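Below: the structure, in structure tokens.
Just so you know, all these numbers are worked out from the coordinates, no wet-lab data involved. From a predicted model like this one, the values you see are computed outputs, not experimental measurements. Here the Cβ positions follow ideal geometry from the backbone for every residue, glycine too, while neighbour counts run over all protein chains shown.
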Amino acid sequence: MPYWLLPVAAAPFAGSFVGTLVTRSLDGRSALWGRSSCDACRHTLGAGDLVPIASWVAAGRRCRHCGAGVSGFYPAIEIAALVLAAWAASATAGMDLWISCALAWCLLALAATDIREGLLPDALTLPLALAGIAAAVFQTPDDLTARLIGAGAGWAVLAATREIYRRLRHRDGLGLGDAKLLGAGGAWIAWQGLPSVLLLACMATLGWVLLEGWWRGNVTLDRRIPFGPGLCLGIWLVWLYGPLN
């Protein structure tokens, strides 16, 4: 069996869980307990309704019980999880592939939550940081100190930036969730990768703003732009390929 087959095959199911995690966490519900149900009629979904991607297509993008439209968010997340697993398989192998997939799927959950609600929940960022430290302990103990420094420095840099901006502009320009996410990223890529993550995140976010401005015709100065997706992309790229030279 090819080493990449199992994690890639598992990816859509992981994406389904990520979608559930995102939607339920925003409603204050647990993603681990409770049966899945239609958002419109609350009918409990069976196994045939929960097959990633295929069930959404087969049902014509509608609930087969009440006929209500089913959001494309779920298959989009499942496809994204599949793409990330294939991407990870192109750069890693063995246990590193599984670890990379776990990181990718957690970053996907964070990016999706920030895009939908402008939030980076502690329930995701803090376990991500702990997982990065645990991965260092068991796989690369020589990197543990650099990762611990990265976790602290990542949080401190954006927390300080947030406070400086608040003092100068008398309003919030950056959330503490962004600081916690960069700290969690530092626990994975060590302090040496933090400048590259910030540069990539800024470039990605600026590109998104320009694209949105082109699409909508204008972007106002008070428009809230999520920074989390850019940070997630930066962490992912540095994890796979290392810091920029």
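Residue separation times 0.36 nm, minus the C-alpha to C-alpha distance between residue 168 and residue 123: what's the value? Present the calculation step by step, with values, prior to reporting the outcome.
Working: separation 45, 0.36 × 45 = 16.20 nm, distance 3.06 nm.
Going from the current span to full extension adds 13.1 nm.
Couplings 3J(HN,Hα) of the stretch 227-234, computed from phi: 8, x, x, x, 5, 4, 5, x Hz, in residue order, whole Hz [Karplus 6.51 cos²θ - 1.76 cosθ + 1.60, θ = phi - 60°; x for Gly and Pro]. Amide H to amide H, with H built 1.01 Å from N, residue 62 comes under 5 Å of 70, counting only residues 5 or more places away or on other chains.
3J(HN,Hα) along the stretch 150-166, derived from phi through the Karplus expression 6.51 cos²θ - 1.76 cosθ + 1.60 where θ = phi - 60°, amounts to x, 5, x, 5, x, 5, 5, 4, 7, 5, 5, 4, 4, 5, 5, 4, 4 Hz, with x in place of Gly and Pro.
The overall shape of the stretch 48-135, judged from the alpha-carbon gyration tensor, is oblate: a/c is not under 1.5, and a/b is no greater than b/c.
When the helix-only estimate is applied to the chain (DSSP H runs of n ≥ 4, each -39,500 (n - 2.57), divided by the residue count), what is the mean residue ellipticity at 222 nm, nearest 500 deg cm²/dmol? Before the final figure, lay out the partial values.
On the way: 9 runs with 164 residues, N = 245.
That comes out to -22500 deg cm²/dmol.
Look at the Cα gyration tensor of the chain: its axes a ≥ b ≥ c give a/c of at least 1.5 with a/b at or below b/c, and that counts as oblate. Between residue 206 and residue 102, what's the calculated FRET efficiency when r is the beta-carbon distance and R0 is 35 Å? Round to 0.05. So the FRET efficiency works out to roughly 0.75.
Counting other Cβ atoms within 10 Å, which trypsin sites (Lys or Arg not before Pro) in the stretch 183-245 have at most 11 and lie in a DSSP loop? Intermediate values should be presented prior to the final figure.
Details: sites: 216, 223, 224; in loops: 223, 224.
Sparse-neighbourhood loop trypsin sites (Lys or Arg not before Pro): 223, 224.
Separation of the stretch 61-109 and the stretch 2-16, taken as the distance between their Cα centroids, equals 9 angstrom.
If we sort 98-105, 169-176, 235-242 on the protection proxy, mean other Cβ atoms within 10 Å, highest first, what's the order? Don't skip to the end; give the middle numbers.
On the way: 98-105: 21.5, 169-176: 12.4, 235-242: 19.8.
Ranked from most to least packed, the peptides come out as 98-105, 235-242, 169-176.
Once the other residues with Cβ under 14 Å from the Cβ of residue 18 are scored (Lys, Arg +1; Asp, Glu -1), what is the net sum? Overall, the nearby charge balance is 0.
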